[in-house]
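Inspection log for the structure reproduced underneath, given as structure tokens.
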Protein chains: 2
Amino acid sequence: MSDEAMHHDVFTVERTYRAAPERVFDAWADPVKKRRWFAEGEGWNIDSYDLDFREGGFERTRFRFGDGPPMTNDTVFHDIVANRRIVCSYDMTRSGQRFSVSLATLVLERAGSGTRARYTEQIVLFGQGRDAVEQRRLGCAELLGRLAAALGE
Amino acid sequence: MSDEAMHHDVFTVERTYRAAPERVFDAWADPVKKRRWFAEGEGWNIDSYDLDFREGGFERTRFRFGDGPPMTNDTVFHDIVANRRIVCSYDMTRSGQRFSVSLATLVLERAGSGTRARYTEQIVLFGQGRDAVEQRRLGCAELLGRLAAALGE
């Protein structure tokens, strides 16, 4: 391995919801709701999903896309301020090979009767570069859109 | 809290050691050795130090500077490649208030008979800005120097 095989980067995704911060936050905190918009999606097979939403707690997802290789997403929650902030770190593996570790910050701010959400991800990738960062950014933007749909928006 | 109260940043510290990567890595992996250069220092009081050095494992330090307020440093290890790479996330509190969460990457590369170490920290600070990042960078550079001393260099 050489240092060149690692890529550090950062990206931000923003989205405004009609729902109040309390409802948006609840969709991250409630295991049944979170699983629905975060883990489940067309073509994705969820082998297991566990959420222990508290500081020092974890989220663990085991999944495959169709008949694809087994993947994992393991999260640790570092900092939670109800209705306002979630800071977590997570790593991902494909076929047992870790390919990224991220520090993710979600900030919720009241915007009128709704919520402005700002998601920032500081990421280190192994053996991948900027293209993979852009893919991750698009994936996160899609997830924030799925959350909107889950909120009935 | 407003989003402005958060500051995302990144910094890198490099240091070359005469010791081989195996010895440098061991100083991070061995709880007795790690405690000595990482936690103990003149003026620091260590209330507790625990290291479980493995992927998914943790490091927990409870400490005070002199008669100062209680501080904590809680680490989770995401990715470990023996003698080559350590990726961890950690958060810090002072008087029970969390003030930073970081994603830290250490890469060790053989350089002749020695080791080139590159430490990269992606950080989010709460209620602090660039000055605090520079303080953290200096603190990390000092730690890599303490490691050199611990290696007899």
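Across all directions of projection, what mean area in square nanometres is found for the Cα convex hull of the range A:66-122?
5.3 nm²
Can you list the copy-to-copy distances for B:Trp44, using a point 7 angstrom from Cα toward Cβ, in nanometres, shortest first?
Sorted ascending, the copy-to-copy spacings read 4.0 nm.
Reported to two decimal places, what Rg/Rh ratio describes chain A when computed on Cα atoms with Rh from the Kirkwood expression?
0.96
Once ligands and nucleic acids are excluded and a 1.4 Å probe is used, how much of A:Asp9 is accessible, expressed in Å² to the nearest 10?
Roll a 1.4 Å probe over it and A:Asp9 shows about 30 Å².
Could you list which residues have their amide H under 5 Å from that of B:Gln128, counting only those 5 or more apart in sequence or on another chain, with H placed in the peptide plane?
B:His7
For the range A:8-80, state which GluC sites (Glu not before Pro) are in a DSSP loop and have at most 12 other beta carbons lying within 10 Å of their beta carbon.
Counting only loop positions with at most 12 other Cβ atoms within 10 Å, the GluC sites (Glu not before Pro) in the range A:8-80 are A:Glu42.
Could you work out the relative contact order of the range B:3-150? I mean the mean sequence separation of Cα pairs under 8 Å and 6+ apart, divided by the number of residues, in percent.
30 percent
Any idea what the A:Gly57 label distances to the other copies are, label 7 Å down the Cα→Cβ vector, nm, shortest first?
Copy-to-copy label distances at A:Gly57, shortest first: 2.7 nm.
With the label 7 angstrom out along Cα to Cβ, how close does B:Thr16 come to the same site in each of the other copies, in nm, nearest first?
Counterpart label points of B:Thr16 in the remaining copies fall at 5.4 nm.
Taking the Cα centroid of the range B:106-139 and of the range A:63-136, what is the distance between the two, rounded to the nearest whole Å?
Here the answer is 22 Å between Cα centres.
For the pair B:Asp131 and A:Glu42, how long in nm is the line joining their label points, each one 7 Å along Cα→Cβ?
With each label placed 7 Å out from Cα toward Cβ, I get 5.3 nm.
Classify the range A:6-57 as rounded, prolate or oblate, taking a ≥ b ≥ c as the square roots of the eigenvalues of its Cα gyration tensor: rounded when a/c is under 1.5, otherwise prolate if a/b is larger than b/c and oblate if not.
rounded
Keeping all protein chains in position, work out how much accessible area B:Ser95 exposes to a 1.4 Å probe, and write it in Å² to the nearest 10.
70 Å²
So for the protein assembly as shown, what percent of the C-alpha to C-alpha distances run longer than 36 Å?
Here the tail beyond 36 Å accounts for 19 percent of pairs.
What value, in deg cm²/dmol to 500, does the helix sum -39500 (n - 2.57) over DSSP H runs of n ≥ 4 give at 222 nm once divided by the residues of chain A?
Here the helix-only value at 222 nm equals -7000 deg cm²/dmol.
The values are calculated or read from the model by the stated rules, or taken from the named source; none is laboratory data. All values derive from a computational prediction rather than experimental measurement. Counting neighbours? That spans all protein chains shown, and the Cβs are built from the backbone with ideal geometry, glycine included. Keep in mind that these areas ignore ligands, DNA and RNA; they rest on the heavy atoms of the full protein, side chains included. Shrake-Rupley method; radii C 1.70, N 1.55, O 1.52, S 1.80 Å.
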